[in-house]
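The values are calculated or read from the model by the stated rules, or taken from the named source; none is laboratory data. Here the structure is a predicted model, which means the values were calculated and not measured. All Cβ positions, glycine included, derive from the backbone under ideal geometry; neighbour counts span all protein chains shown. For the accessible areas, the whole protein counts, side chains as well, though only heavy atoms, and no ligand, DNA or RNA atoms are used. Shrake-Rupley method; radii C 1.70, N 1.55, O 1.52, S 1.80 Å.
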Amino acid sequence: MAPPPPPAPSAAARTLPLVEISGTPRERGRQYGEAVRPLLHQALAYYESAFGHSAGLTWDQVTARAERWLAPVREYAPDHVEEMRGIAEGAGTGLADVLALNARGEVLYDKSFAAMAAADAAEEPAEGCTSFAAYGAASGDGHVWAGQNWDWRAQAGETVVMLRVVQPPKPTLLMQVEAGQIGRQGANSAGIALNANGLGGRFDASVGLPQTVVRRAVLDQHSITDALDVLCRTRAHIASNALLTCREGFAIDLETTPAGHGWLYPDDDGLLVHGNHYQAGVPAPLAARGYRPMSSDSLVRVPRARQGLRRLRESGGPEESRRIIKDALSDHLGHPESLCTHPDPRTPEVKHWSTLVSSCVDLTSGDYHVTAGTPCDREYQHLPWNLYDGPYGEQTTR
């Protein structure tokens, strides 16, 4: 029986806003905050409602909890705090508000260890995503590809922007982020792509770094080994999957948790796909408490993505490759909780999930493509920025 057709497109012509920032960390932050001011306040209003619904927290309680991450972030990356402070100034809000947007997942998972066993049964799914890398024999056009479907709360999609950060001597970055966040998934001028997936599961109550800070630190690196070192040497507060790809034709996937990491390499042909369940092995603390995947649809999404992306080996060029990637990431088996995720009318609107952005980056050419929403009903938006253009960086011959 064929899966049901997707809902009729409602915003197929929408594109993601483009924001470019440069200068000192504080200057970059102010430029960013000014550019996204209405969207950032929209994000604050949404998360105030979402946290109230999901966790019974007022926004004052959310920001109070978020402030516990200020000292660890300042110690690890003071420039990131300065950038967040500038965002708050530019957007006309408080640093605690911006910190809460950057630690939204950490606040939601911030439970005492004593409450974990009870919380696990009712825990909300981790942020959803399906990520991939393809190169070598898996890429018929000879290019190195990376990308993902980023699945999260549908209303948050209205606040997503494409952010270009020019920050010499560090690499220039292109990232898709929620307004006010300093890092998420993207790629840099050193030819490194980071795609990330939530994994879920509660660990101990020790304070680790927010994912936005860890991911930004990864993309701030010039080499794949330095990017890996960030993931291996930092302690994040919550579990998250990181798929790293570099333009030289290499990819590795790290399932990072506060209790240790697992890792995966691509298939022999150069294809690697990851979702929202542990694929390298369930961490011992979770196994001891009877781990079950919180995003059960991930068990369907991963093999479906792999099946669709295998067609890349037949591609005759980048344009055809993008079409194959789009088709693969538009799969609707299991709709609405499919690879291309749509809101489920059986759930309250505040908890609706959807694919916010589908992205693919050609690390060989530096071309970056995104959709402002589900990929099944809109075309990829070709960003005006090339990864390897700019005042600084690794502007090698493409």
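Take region 103-137 and flag every residue that is assigned to a helix (DSSP H, G or I), open to solvent by less than 30 Å² (accessible area, probe 1.4 Å) and modelled with pLDDT of 80 or more. Explain how you work it out, then say what you get.
If we filter region 103-137 for residues that are assigned to a helix (DSSP H, G or I), which is where we start, we get 104-108, 113-122, 136-137.
Applying the additional criterion that residues be open to solvent by less than 30 Å² (accessible area, probe 1.4 Å) yields 104-107, 116, 119.
Once the filter is applied, which keeps residues that are assigned to a helix (DSSP H, G or I), open to solvent by less than 30 Å² (accessible area, probe 1.4 Å) and modelled with pLDDT of 80 or more, region 103-137 yields Arg104, Gly105, Glu106, Val107.
Test Asp327 against the stated conditions and say whether it is of a type in the set (Asp, Glu), over 23 Å from Tyr368 (Cβ atoms) and in contact with a Gly (Cβ under 8 Å, 6 or more places away or on another chain).
No.
Helices (runs of 4 or more DSSP H) wholly in region 17-95 with at least 3 residues that are closer than 27 Å to His369 by Cα and at pLDDT 95 or above - which ones? First the steps, then the outcome.
Working: elements: 25-35, 37-55, 59-66, 70-76, 78-91.
Here the list reads 25-35, 37-55, 78-91.
Looking at Val273, Val300, can you tell me which residue is open to solvent by 30 Å² or more (accessible area, probe 1.4 Å), closer than 30 Å to Arg322 by Cβ and at pLDDT 95 or above? Before the answer, list the steps.
Numbers: Val273 fails: open to solvent by 30 Å² or more (accessible area, probe 1.4 Å).
Exactly one residue qualifies, and that residue is Val300.
Can you find even one residue in region 287-300 that is in contact with a helix residue (DSSP H, G or I) (Cβ under 7 Å, 6 or more places away or on another chain), over 23 Å from Leu173 (Cβ atoms) and in a loop (DSSP other than H, G, I, E, B)?
Taking every residue of region 287-300 in turn, at least one turns out to be in contact with a helix residue (DSSP H, G or I) (Cβ under 7 Å, 6 or more places away or on another chain), over 23 Å from Leu173 (Cβ atoms) and in a loop (DSSP other than H, G, I, E, B).
Give me a count of the residues in region 255-288 that are aromatic (Phe, Trp, Tyr) and touching a residue at least 24 places away in the same chain (Cβ under 8 Å).
Here the count works out to 1.
Just to check your reading of the model, which residue among Thr347, Thr364 is free of Cβ contacts under 8 Å to residues at least 12 places away in the same chain, over 22 Å from Asn241 (Cβ atoms) and not acidic (Asp, Glu)?
When all the criteria are applied, what remains is Thr347.
For region 318-337, name all the residues that are open to solvent by 50 Å² or more (accessible area, probe 1.4 Å) and free of Cβ contacts under 8 Å to residues at least 60 places away in the same chain.
Scanning region 318-337 gives Glu319, Arg322, Arg323, Asp327, Glu337.
Residue by residue through region 178-230, note down the ones that are in contact (Cβ under 8 Å) with a residue 60 or more places away in the chain, closer than 19 Å to Pro72 by Cβ and of a type in the set (A, V, I, L, M).
If the condition is that a residue be in contact (Cβ under 8 Å) with a residue 60 or more places away in the chain, closer than 19 Å to Pro72 by Cβ and of a type in the set (A, V, I, L, M), then Ile182, Ala205, Val207, Leu209, Val213, Ala217 are the ones that fit.
Is it true that Ala100 is assigned to a strand (DSSP E or B), buried (at least 24 other Cβ atoms within 10 Å of the Cβ), of a type in the set (Gly, Ala, Ser) and at pLDDT 95 or above?
So Ala100 fails the test.
Specify which of the listed residues (Leu387, Leu356) is in contact with a strand residue (DSSP E or B) (Cβ under 8 Å, 6 or more places away or on another chain), within 27 Å of Ser139 (Cβ to Cβ), hydrophobic (A, V, I, L, M, F, W, C) and part of a loop (DSSP other than H, G, I, E, B).
Answer to the selection: Leu387.
Kindly list, by first and then second residue, each pair from a residue in region 303-317 that is closer than 13 Å to Ala137 by Cβ to a residue that is part of a loop (DSSP other than H, G, I, E, B) and small (Gly, Ala, Ser), limited to pairs with Cβ atoms under 8 Å and residues at least 6 apart or on different chains.
Qualifying pairs under 8 Å: Leu312/Ser139; Leu312/Gly140; Arg313/Ser139; Arg313/Gly140; Glu314/Gly140; Ser315/Ser139; Ser315/Gly140.
Of the residues Gly29, Gly23, Gly33, which single one is farther than 17 Å from Ala179 by Cα, open to solvent by less than 60 Å² (accessible area, probe 1.4 Å) and not β-branched (Val, Ile, Thr)?
Within the list Gly29, Gly23, Gly33, the selection yields Gly23.
Return the total of residues in region 287-330 being of a type in the set (D, E, K, R), under 22 Å from the mean Cα position of the chain (by Cα) and more than 21 Å from Asp362 (Cα to Cα).
Residues flagged as of a type in the set (D, E, K, R), under 22 Å from the mean Cα position of the chain (by Cα) and more than 21 Å from Asp362 (Cα to Cα) within region 287-330 amount to 3.
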